[in-house]
Amino acid sequence: MIHNNKYRPLKFIAISIFLLLPLIPLKAQNVKNISLQQAIELSVKSSKKLKIANAKIDEAIANYHIAQDNRLPDLKASGTYMRLNNPDVSLKIKLGSSQAKPISVNEVSYASVNLSIPVFSGFKIKYGIESAKYLEMATKLDADNDKEELIQTIINAYCNLYKAKKTVDLIKENLKQQEKRVTDFSNLEKNGLLARNDLLKAQLQKSNIELTLLDAENNLKITNINMDLLLDMPEDVDLIPDTMSFHDISYTGTVIEWEDKAFHNRKDIASITYKEKAAIVGIKAAKSDYFPGLAVTGGLIEANIPGLLTISNAANIGVGLQYNFASLWKTSAKVAASKAREQQVLESQNMLADQIRMQINQAYENYILCTRKIDVYNVALDQAMENYRISRNKYNNSLLTLTDLLEADVAQLQAKLNYTFAQADAFVAYKKLEQTAGLLSGNYIKTNK
């Protein structure tokens, strides 16, 4: 009986593990391999910022239709019924008999239908339609520009996820080496072939790597959650980035070539151009107040005053001319305000041109710097690996201290991380250069024509 009690905890653990085995695949289902292309497509579909931009496009399209509808005729109907309290009615027209009874009026009904077709409104309708169309195009281009920024954000987040995952993998690989070294040193120390101080140094190195791994794993979790939120996915999904997404860049070009691409492809440049056209049309629309309005009118009137008057089938058609003389001294202020708005757009256009040149130069120089770092870190990695190999041989031959060997090991790990990060950073820097030139979304988003 004592024997059974001794092994009861082990039986409980075994049963618990058996019961938990079916749950293991559920955890595996939360791991998802994802390429950069897939991440971008998911983010574009789920982005709240792009949904707001699309809503603005819908609003601009509706405003354009509103401006077009101003060309359509207006059809209005009205009706009135009034109850009166026996008013005094005196007719100026003589009736046939002097013995006519007094007229009693206690109710009045009136109805009319009026149709007005605008013929000329001082070009206000025409310019309103043009302005709305230009603003619609500008809004669509602003949405495209937001899409470029979103794609660049996803590329940055994807790169951070890749670097965090790679850091954990490299540290785990190094930790295995540290664990093997501690095991070997423990055996040597037990046999009196190694000083205990060297064993303690190896154990301390292993502990430091374990702490580094904890920080790296924590950073990977945070980076993974950030990526899940960007893709509108559950926060417990472990995303595995595809290393093939970071391909080599073969073409660089010159700064002047990239500036030319930017001025031909940037969506914000095209957007502000349409805004300038809308501002010019706005000046013409303001000047339209100087002109009169002309419309063709028609209608039908029905009226009834019991005991006094009945009007029926009173159809009418004519031409209406309207002019507000106050526009002679009020319109100039409107024109001045429209010209001021045009000037603002022009100055914004000049500022944007300067910003683009600066952004292109910064992005270009940053990419060149990243490519040079790759070359330097590649050489440094070869040097670090060779240094560790030589240091290990010297230590095995008692020509080097353990401290020097451990330092060489850390330098090798750091060199691997630096080279890995440099490759990813160069890819991101090139994509930033493409975004600055307005070419990024065209490489990842298929346009339906």
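Observations on the structure shown:
- Residue check, Asn387 surrounded by fewer than 19 Cβ atoms within 10 Å (Cβ to Cβ) and either in contact (Cβ under 8 Å) with a residue 40 or more places away in the chain or more than 25 Å from Lys166 (Cα to Cα) (or both): no
- As for the stretch 260-280, it holds no residue that is of a type in the set (A, V, I, L, M, F, W, C) and assigned to a loop (DSSP other than H, G, I, E, B).
- Of Pro87, Pro102, Pro118, all but one fail to be at pLDDT below 90, over 30 Å from Lys51 (Cα atoms) and within 51 Å of the chain's Cα centre (by Cα); the exception is Pro118.
- Any hit, the stretch 304-311, residues being touching a strand residue (DSSP E or B) at 6+ places or on another chain (Cβ under 7 Å), surrounded by 13 or more Cβ atoms within 10 Å (Cβ to Cβ), over 17 Å from Lys124 (Cβ atoms) and among the β-branched types (Val, Ile, Thr): yes
- Cβ separations smaller than 8 Å between residues 6+ apart or across chains give the following pairs from the stretch 399-410 residues that are closer than 18 Å to Asp184 by Cα and in contact (Cβ under 8 Å) with a residue 24 or more places away in the chain to residues that are crowded, with 16+ Cβ neighbours inside 10 Å and acidic (Asp, Glu): Leu402/Asp198.
- Of all residues in the stretch 158-177, those being farther than 20 Å from Gln423 by Cβ and buried (at least 20 other Cβ atoms within 10 Å of the Cβ) number 0.
- All of Asp215, Asp198 fail the test of being within 30 Å of Tyr430 (Cβ to Cβ) and over 29 Å from the mean Cα position of the chain (by Cα), apart from Asp215.
- Odd one out for Leu36, checked against (1) at pLDDT 85 or above; (2) among the aliphatic types (A, V, I, L, M); (3) more than 30 Å from Asn224 (Cα to Cα): (3)
- Residue match in the stretch 382-393 (condition: of a type outside the set (S, T, N, Q), in a helix (DSSP H, G or I) and touching a Phe, Trp or Tyr at 6+ places or on another chain (Cβ under 9 Å)): no
- Checking Tyr81 against (1) part of a helix (DSSP H, G or I); (2) modelled with pLDDT under 90, the condition it does not meet: (1)
Matching residues to (1) out of contact with any Pro (no Cβ under 9 Å at 6 or more places or on another chain); (2) surrounded by 15 or more Cβ atoms within 10 Å (Cβ to Cβ); (3) under 27 Å from Leu75 (Cα atoms):
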residue: Ile256; (1), (2), (3): yes, no, no
residue: Val281; (1), (2), (3): yes, yes, no
residue: Val319; (1), (2), (3): yes, no, yes
residue: Glu342; (1), (2), (3): yes, yes, no
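- Failed item in (1) under 30 Å from Ile272 (Cα atoms); (2) in contact (Cβ under 8 Å) with a residue 12 or more places away in the chain, with Ser104 passing the rest: (1)
- Across the stretch 323-332, not a single residue is classified as modelled with pLDDT of 90 or more, assigned to a loop (DSSP other than H, G, I, E, B) and more than 29 Å from Ala39 (Cβ to Cβ).
- Residue match in the stretch 413-420 (condition: surrounded by 21 or more Cβ atoms within 10 Å (Cβ to Cβ) and either at pLDDT below 90 or within 34 Å of the chain's Cα centre (by Cα) (or both)): no
- Taking the stretch 312-350 as the range and being touching a strand residue (DSSP E or B) at 6+ places or on another chain (Cβ under 8 Å), within 27 Å of Pro118 (Cβ to Cβ) and of a type in the set (S, T, N, Q) as the test, the residues that pass are Asn313, Asn316, Gln322.
- All of (1) farther than 27 Å from Asp236 by Cα; (2) small (Gly, Ala, Ser); (3) modelled with pLDDT of 50 or more hold for Ala14 with one exception: (3).
- Which numbered condition Leu194 fails, given (1) farther than 30 Å from Ile368 by Cα; (2) at pLDDT 90 or above; (3) buried (at least 17 other Cβ atoms within 10 Å of the Cβ): (2)
The values are calculated or read from the model by the stated rules, or taken from the named source; none is laboratory data. The structure presented is a predicted model; accordingly, all values stated were derived computationally and were not measured. Heads up, the Cβs are rebuilt from the backbone with ideal geometry, glycines too, and the neighbour counts pull from every protein chain shown.
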